[in-house]
Amino acid sequence: MDRNAPKLVTIFGGSGFVGNHLVQLLARDGYRIRVAVRRPDLAGEVRMFGSVGQVVPVQANLRNEASVQRAVAGADIVINLVGIGAQAGKQTFEAVHVDGAAAVARAATAAGVEALVHMSALGVDKAASVSAYAASKLRGEAAVMAAYPQAVIIRPSLMFGQGDGFFNLMGTLSRILPVMPLISGQTQFQPVFVGDVAEAIAKAAEGAVKPGRIYELGGPDVESHKALMQRILREAGRKPMLVSVPSGLMKVMAALLGVLPFKPLITPDQVELLGVDNVVSDAAKKEKRTLAGFGITPTSMDEILPTYMWRFRRHGQFDREGGSPAYPV
């Protein structure tokens with residue numbers, strides 16, 4: 001890249017889990033970066049990922065098309081990482097995953113950007129019939145492709161890494177609960193390292209893969225939900241009992257918890273998602289629409305989970321099998 005004329009990248013949702021990793025990668029490559037978020041006053045930490053003035057948070061709300069257009073104006077590359085796991089108020093699946101994604105794609109087309117990368121989720125095509133989340137993600141993909149046919153769609157599996165939502169939550173629960181529910185224990189997952197996902201998105205933005213396609217990203221390990229939970233408990237050094245709970249009963253429990261005035265641990269829609277396999281398809285493997293297509297070797301959970309799951313052990317980094325700390329001290 002010509003460092004004397006750095007390209008401008010607008011990243012919607014760039015202050016989130018994937019965004020933090022991606023901004024760091026792109027900043028190291030010399031890009032100028034706009035991090036488009038609803039509350040730029042709460043995203044100031046992203047400035048630290050680049051040199052002075054290289055990374056700038058700007059205000060944008062996917063439900064306000066004018067703000068989306070302002071955030072895209074003058075950009076060379078646009079990346080949309082925005083997604084919600086549960087609906088709240090005006091932040092509905094339809095508003096964010098479908099209408100919002102379409103607004104970004106339309107703005108990218110109108111601005112003449114050279115590349116658009118849109119992050120979706122693995123398995124949404126399989127789960128669309130039972131999950132409102134998955135159905136909205138699938139419609140969002142179609143809306144993006146209709147407005148910007150050369151977009152690259154990225155479908156990552158369940159992601160792990162420092163600051164992730166799933167593994168850290170399960171580790172926290174294992175520390176405080178004597179019993180943990182196991183839902184759809186035989187469902188297969190293929191967790192992927194967030195660093196690999198961020199690298200794939202960066203490469204897609206740089207034109208390293210064929211545009212106008214959907215890429216499915218999974219890690220090297222395929223495990224059942226039960227095996228994944230057992231892995232988490234081993235890493236956390238905790239021994240709560242795993243008790244199988246029928247998905248129907250769990251949906252009722254989730255619906256009841258949903259009326260309480262705080263964010264629910266799980267929604268009925270997420271219970272449905274847990275019942276659908278979340279693995280890279282054979283078609284994607286055959287057509288190299290996987291991490292292999294980006295030239296990326298998937299990182300294993302064995303390599304990454306020990307670097308942060310130690311915090312859930314009784315004695316933290318010093319409470320390791322064999323007595324060695326998780327980090328040098």
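Please note which helices (runs of 4 or more DSSP H) are completely contained in the range 236-305 and include at least 1 residues that are at negative phi and among the small types (G, A, S). Steps first, answer last, please.
Values: elements: 247-257, 268-273, 282-286, 301-304.
Because the criterion is at least 1 residues that are at negative phi and among the small types (G, A, S), the helices (runs of 4 or more DSSP H) in the range 236-305 that meet it are 247-257, 282-286.
If you take the residues in the range 84-116 that are under 20 Å from I214 (Cβ atoms) and in contact with a strand residue (DSSP E or B) (Cβ under 7 Å, 6 or more places away or on another chain), which one is surrounded by the fewest Cβ atoms within 10 Å (Cβ to Cβ)?
My answer is E114.
From the list S51, S67, pick out the single residue that is closer than 22 Å to M119 by Cα, surrounded by fewer than 19 Cβ atoms within 10 Å (Cβ to Cβ) and among the polar types (S, T, N, Q).
Just one listed residue meets the conditions, S67.
Among the candidates A227, A198, A208, single out the residue that is in contact (Cβ under 8 Å) with a residue 40 or more places away in the chain and assigned to a helix (DSSP H, G or I).
A198
Suppose the filter is under 23 Å from M159 (Cα atoms), in contact (Cβ under 8 Å) with a residue 12 or more places away in the chain and outside any helix (DSSP H, G or I); does G30 pass it?
Values: under 23 Å from M159 (Cα atoms): no; in contact (Cβ under 8 Å) with a residue 12 or more places away in the chain: yes; outside any helix (DSSP H, G or I): yes.
Taking the combined requirement at face value, the residue does not satisfy it.
Would you mind stating whether G219 is on the phi > 0 side of the Ramachandran plot and either over 19 Å from the mean Cα position of the chain (by Cα) or surrounded by 15 or more Cβ atoms within 10 Å (Cβ to Cβ) (or both)? Please lay out each step first, then the result.
Details: on the phi > 0 side of the Ramachandran plot: no; either over 19 Å from the mean Cα position of the chain (by Cα) or surrounded by 15 or more Cβ atoms within 10 Å (Cβ to Cβ) (or both): yes.
Answer is no for this residue.
Taking the conditions exactly as written (hydroxyl-bearing (S, T, Y), touching a strand residue (DSSP E or B) at 6+ places or on another chain (Cβ under 7 Å), closer than 21 Å to F160 by Cβ and modelled with pLDDT of 95 or more), does T290 satisfy them or not?
Considered against the rule, which asks whether it is hydroxyl-bearing (S, T, Y), touching a strand residue (DSSP E or B) at 6+ places or on another chain (Cβ under 7 Å), closer than 21 Å to F160 by Cβ and modelled with pLDDT of 95 or more, T290 comes out as yes.
The values are calculated or read from the model by the stated rules, or taken from the named source; none is laboratory data. Because the structure is a prediction, the values reported are computed rather than measured. So basically every Cβ, Gly included, is an ideal-geometry build from the backbone, and we count neighbours across all protein chains shown.
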